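Scroll down for the structure; my scribbles are underneath it.
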Amino acid sequence: MTRLRPSPPPAWRSRRRAAGFTLIELMVVIVVIGIAAAAIGVKAFPDRRAVLKEDAQRLAQLFAVAQGEVRADGRQITWQADDAGYRFMRRARVYAPGRATPTALSSTQLDVFPRDDLLRPRPWRDGPVKVSVLPEGAPVFTSEWIAPPMVVRLQNLDATVTIVRDEAGRYAVQ
């Protein structure tokens with residue numbers, strides 16, 4: 001019996017595999033880098049219009065919370081804003097020594113809700129923001145069930161958003 005001798009490997013197999021990457025591997029890496037760069041770009045440079053609208057929606061909800069707090073507590077709450085941020089405040093209660101309940105409201109001390117998760121002072125997320133209110137003056141939330149209409153206009157460099165309170169006390173962001 002004759003033994004068959006194995007034939008030598010083809011020339012393309014006998015060469016050592018060249019070091020490097022295939023075209024498909026390079027394309028996959030480029031696509032992954034592109035996706036990562038796009039995600040970082042979106043996160044680093046958010047849409048200022050969308051951020052202002054989110055601030056306005058949060059503020060409309062906080063206006064409703066402040067109105068509910070006034071009805072529960074009885075003390076008026078005033079909203080103040082500037083280019084850097086906004087805060088809610090009311091007159092502080094005065095506690096007399098030896099009494100468990102407050103005896104009066106302070107004429108000088110203000111409660112700015114420092115420990116309240118909702119009504120605490122907040123900065124604008126994408127400041128500075130120009131604020132205008134109609135009717136003019138700081139909005140005051142009272143225990144009245146029917147509040148007069150109010151318009152709060154927020155404006156940054158790219159957009160203007162309006163919060164409207166109607167006669168029924170409902171808030172809408174436009």
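Do we find that Phe88 is among the aromatic types (Phe, Trp, Tyr), touching a helix residue (DSSP H, G or I) at 6+ places or on another chain (Cβ under 6 Å) and surrounded by 13 or more Cβ atoms within 10 Å (Cβ to Cβ) in this structure? Working first, answer last.
Numbers: among the aromatic types (Phe, Trp, Tyr): yes; touching a helix residue (DSSP H, G or I) at 6+ places or on another chain (Cβ under 6 Å): yes; surrounded by 13 or more Cβ atoms within 10 Å (Cβ to Cβ): yes.
Spelling it out, Phe88 is indeed among the aromatic types (Phe, Trp, Tyr), touching a helix residue (DSSP H, G or I) at 6+ places or on another chain (Cβ under 6 Å) and surrounded by 13 or more Cβ atoms within 10 Å (Cβ to Cβ).
For the stretch 83-118, which positions are within 30 Å of Asp47 (Cβ to Cβ) and either modelled with pLDDT of 95 or more or not hydrophobic (A, V, I, L, M, F, W, C) (or both)?
Matches in the stretch 83-118: Asp83, Gly85, Tyr86, Arg87, Phe88, Asp116, Asp117.
Quick one: would you say Asp126 is of a type in the set (D, E, K, R) and without any contact (Cβ under 8 Å) to a residue 40 or more places away in the chain? Spell out how you get there, then give the answer.
On the way: of a type in the set (D, E, K, R): yes; without any contact (Cβ under 8 Å) to a residue 40 or more places away in the chain: no.
In short, no.
Under the condition of being modelled with pLDDT under 95, part of a helix (DSSP H, G or I) and charged (D, E, K, R), which residue from the stretch 56-82 is farthest from Val133 (Cα to Cα)?
Of everything passing the filter in the stretch 56-82, Asp73 is farthest from Val133 (Cα to Cα).
Kindly indicate whether Val42 is free of Cβ contacts under 8 Å to residues at least 12 places away in the same chain, surrounded by 10 or more Cβ atoms within 10 Å (Cβ to Cβ) and either within 19 Å of the chain's Cα centre (by Cα) or within 18 Å of Thr142 (Cβ to Cβ) (or both). Can you show your working first?
On the way: free of Cβ contacts under 8 Å to residues at least 12 places away in the same chain: yes; surrounded by 10 or more Cβ atoms within 10 Å (Cβ to Cβ): yes; either within 19 Å of the chain's Cα centre (by Cα) or within 18 Å of Thr142 (Cβ to Cβ) (or both): yes.
Taking the combined requirement at face value, the residue satisfies it.
Please work out which one of (1) at pLDDT 90 or above; (2) surrounded by fewer than 10 Cβ atoms within 10 Å (Cβ to Cβ); (3) not acidic (Asp, Glu) is the condition Leu23 fails and give its number.
Of (1) at pLDDT 90 or above; (2) surrounded by fewer than 10 Cβ atoms within 10 Å (Cβ to Cβ); (3) not acidic (Asp, Glu), only one is false for Leu23: (1).
Out of the residues in the stretch 48-85 that are charged (D, E, K, R) and within 21 Å of Val151 (Cβ to Cβ), state the one that is surrounded by the fewest Cβ atoms within 10 Å (Cβ to Cβ).
If we filter the stretch 48-85 for residues that are charged (D, E, K, R), which is where we start, we get 48-49, 53-55, 58, 69, 71, 73, 75, 82-83.
Filter again for within 21 Å of Val151 (Cβ to Cβ), leaving 49, 53-55, 58, 82-83.
Working: Arg49: 14, Lys53: 16, Glu54: 15, Asp55: 24, Arg58: 14, Asp82: 13, Asp83: 11.
My answer is Asp83.
Would you call Val161 touching a Ser or Thr at 6+ places or on another chain (Cβ under 8 Å), under 22 Å from Asp47 (Cα atoms), of a type in the set (A, V, I, L, M) and surrounded by 16 or more Cβ atoms within 10 Å (Cβ to Cβ)? First the steps, then the outcome.
On the way: touching a Ser or Thr at 6+ places or on another chain (Cβ under 8 Å): no; under 22 Å from Asp47 (Cα atoms): yes; of a type in the set (A, V, I, L, M): yes; surrounded by 16 or more Cβ atoms within 10 Å (Cβ to Cβ): yes.
So Val161 does not fit the description; no.
The values are calculated or read from the model by the stated rules, or taken from the named source; none is laboratory data. Note that the coordinates shown come from a computational prediction; the quantities given were computed from them, not determined experimentally. When we count neighbours, we look across all protein chains shown, and the Cβ atoms used for this are built from the backbone with ideal geometry, even at glycine.
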